[in-house]
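Undergrad: Encoded as structure tokens, here's the structure I'll be asking about.
None of the figures in this text is laboratory data; all of them are computed from the coordinates on show. Predicted, not measured: the structure shown is a model, and the values here were computed from it. Neighbour counts run over all protein chains shown; Cβ positions are idealised from the backbone, glycine included.
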Amino acid sequence: REDVTEVPDDARTRHRDLSEELDRYAFAYYVRDEPLVSDGQYDELMAGLKAVEAAHPALVTPDSPSQKVNGGFTATFAPVQHLERMQSLDNAFSSDELSAWAARVEREGAAGADYLCELKVDGVAVAIVYEKGRLVRAATRGDGTTGEDVTANVRTMEGVPQQLTGNDVPELLEVRGEIYFPVAAFADVNAGMVEQGKAPFANPRNAAAGSLRQKDPRVTASRPLRLVVHGLGAHRGLEVGRQSAVYFRLRDLGLPVSGRSEVVDDLSGVWAFIERYREQRHSVEHEIDGVVVKVDQYTLQRRLGSTSRAPRWAIAFKYPPEEATTKLLDVRVNV
Ligand code: NAD
């Protein structure tokens, strides 16, 4: 195997340049809410970085953008240590990549897995903690270990319970989810921004990030943000067998979960779900950039485990980007 000193200079330079570029774009996107390039362009650069690393594995270090949860936090919000690390997701861009993932799942001890198919909500990832049923904290993902305290802002959101309902409320419950800006309200908010002489948001994802990450929670309260819960973090007093069953439980507790998820038992079922939403992509209340496929059984999830940045038991199948790649470059985005 090649030693790092043996990697040709041009590959090393390309690796450094791509890493720096990706870090810069991630900072603009996650921390400043002012994306400099389109998602498609970002994904292409990331694919370029991974190709260099595949050719020269010695270049892979823990701080490479391909190995870490990309993101960050500002001093505007108090830092929050997540109870459990928040991760990203590995991507598949083709049916071959999806099949390769499923083959690995089977090979690595999860034969007989059922697949939970969900929409990949294009919003902002948050972790919300309930103690004895009471909402005590909400935080952005940040770098996965440390996020930003957005509790006051999340408290203003319709559809996020302050207090869980029903019997048998878990002693501790950390849910992960996505905060999104409903597509139907997007044109209106931008008309309002323009009326106030401000620059419009580039897209609903950007509107969600900009509306959530406000110093003044009253601004957040004036925006129609919504939450969809799609995962669990730390918990005590909750029975967990299958993720799909946990969703029913979370719904009983008053939390918003998607009504569009579906459990299938093989890849052809996954593929049918992907094709259905490729067609119906624009009839969904939020923007989607793909489909997330998860192994449904928690025992199998634990058996598969995680890498430094993503679980091995889930994959995000991304639809091809729809936006014009140059359009975003000219847009100044408001926060
Ligand atoms: P990701 O968006 O590919 O996937 C991980 C995230 O998906 C999770 O953190 C989770 O919050 C979210 N998610 C949505 N629906 C989900 C569901 N049903 N189940 C589980 N998770 C769900 O990875 P990422 O690291 O958050 O971001 C990388 C992506 O962000 C890039 O591929 C690109 O599209 C975009 N990005 C764009 C820019 C830019 O400049 N335009 C910069 C950085 C990142």
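Undergrad: Counting other beta carbons within 10 Å of each residue's own, what order do TRP313, TRP101, TRP271 fall into, fewest first? Numbers along the way, then the final one.
TA: Values: TRP313 25, TRP101 20, TRP271 17.
Fewest-to-most ranking of TRP313, TRP101, TRP271: TRP271, TRP101, TRP313.
Undergrad: Something else now. Just to be sure I understand the model, the point goes 7 Å from the Cα along the line to the Cβ. What's the resulting LEU83 to THR165 distance in nm?
TA: Going by the 7 Å Cα→Cβ label model, 2.2 nm.
Undergrad: Under the 0.36 nm per residue contour assumption, what length would be gained going from the current alpha-carbon distance of ALA54 and ARG1 to full extension?
TA: 17.9 nm
Undergrad: Follow-up question, since we're still on this one. Name the most mobile residue of TYR298, TYR115, TYR130, meaning the one with the largest mean-square fluctuation, in a Gaussian network model of the chain with Cα contacts below 10 Å.
TA: Ranking TYR298, TYR115, TYR130 by mean-square fluctuation puts TYR298 first.
Undergrad: For SER306, enumerate residues with amide H under 5 Å from its amide H, sequence gap 5+ or separate chain, H modeled in the peptide plane.
TA: Distant-sequence amide H within range of SER306: ARG312.
Undergrad: Which loop-located trypsin sites (Lys or Arg not before Pro) does region 142-231 contain, where loop means any DSSP state but H, G, I, E or B and the Cβ has at most 14 other Cβ atoms within 10 Å?
TA: Passing both the DSSP loop test and the Cβ count: LYS198, LYS215.
Undergrad: Continuing with this model, one more query. Restricting things to alpha carbons, find the Rg to Rh ratio for region 187-280 using the Kirkwood radius for Rh.
TA: When Rh is taken as the Kirkwood radius, the ratio is 1.09.
Undergrad: Restricting to bridges with both residues inside the chain, how much of the DSSP beta-bridge set is antiparallel, in percent to the nearest 5?
TA: Here the antiparallel bridges make up roughly 95 percent for the chain.
Undergrad: Follow-up. If you count the DSSP beta bridges with both ends in region 175-310, what percent of them are antiparallel, to the nearest 5?
TA: Here the share of antiparallel DSSP bridges comes out near 90 percent.
Undergrad: Using a 7 Å offset from the Cα along the Cα-to-Cβ direction at both ALA152 and THR61, what is the distance between the two label points in nm, to one decimal?
TA: So the label points at ALA152 and THR61 sit 3.9 nm apart.
Undergrad: Straight-line reach from LYS198: which lysines have a Cα under 27 Å away, not including same-chain ones fewer than 8 places off?
TA: Output for LYS198: LYS215, LYS327.
Undergrad: Now, a different point. Please go through region 147-185 and write out the GluC sites (Glu not before Pro) that DSSP classes as loop and that have at most 16 other C-beta atoms within 10 Å.
TA: Counting only loop positions with at most 16 other Cβ atoms within 10 Å, the GluC sites (Glu not before Pro) in region 147-185 are GLU158, GLU171.
Undergrad: Work out how much length THR74 to ASP252 would gain on full extension: take 0.36 nm times their residue separation and subtract the Cα-Cα distance, in nm to one decimal. List each step's numbers first, then the result.
TA: Details: separation 178, 0.36 × 178 = 64.08 nm, distance 3.51 nm.
Roughly 60.6 nm would be gained on extension.
Undergrad: Once label points are set 7 Å from the Cα along Cα→Cβ at both ALA272 and LYS132, what is their separation, rounded to one decimal in nm?
TA: Taking the two extended label points, one gets 4.8 nm.
Undergrad: Going by amide H atoms built from the backbone, whose H comes under 5 Å of the H on VAL263, apart from near neighbours?
TA: Answer set, sorted by chain and number: CYS117.
Undergrad: Where the centroid of each part is defined by its Cα atoms, how far is region 40-88 from region 187-204 in Å?
TA: Cα centroid of region 40-88 versus Cα centroid of region 187-204: 30 Å apart.
Undergrad: Report the full-extension gain for the segment ALA187 to HIS282: residue separation times 0.36 nm, less the Cα-Cα distance, to one decimal in nm.
TA: Between ALA187 and HIS282, full extension yields 32.7 nm more.
Undergrad: Just going by the charge dipole of the chain, with Lys and Arg at +1 and Asp and Glu at -1 on Cβ, which of THR165, VAL4, ALA110 is farthest out on the positive end?
TA: Sorting the options by dipole projection puts first THR165.
Undergrad: Next up: Starting from the amide H of GLY233, placed 1.01 Å from N in the peptide plane, find each other amide H under 5 Å away whose residue is 5 or more places distant or on another chain.
TA: GLU174, VAL175, ARG176
Undergrad: May I pose another question? Where does region 170-329 land on Rg/Rh, using Cα atoms and the Kirkwood Rh?
TA: 1.00
Undergrad: Roughly how compact is the chain, stated as its Cα Rg over 2.2 N^0.38 Å to two decimals?
TA: Values: Rg = 20.0 Å, N = 335, 2.2 N^0.38 = 20.0 Å.
This ratio for the chain stands at 1.00.
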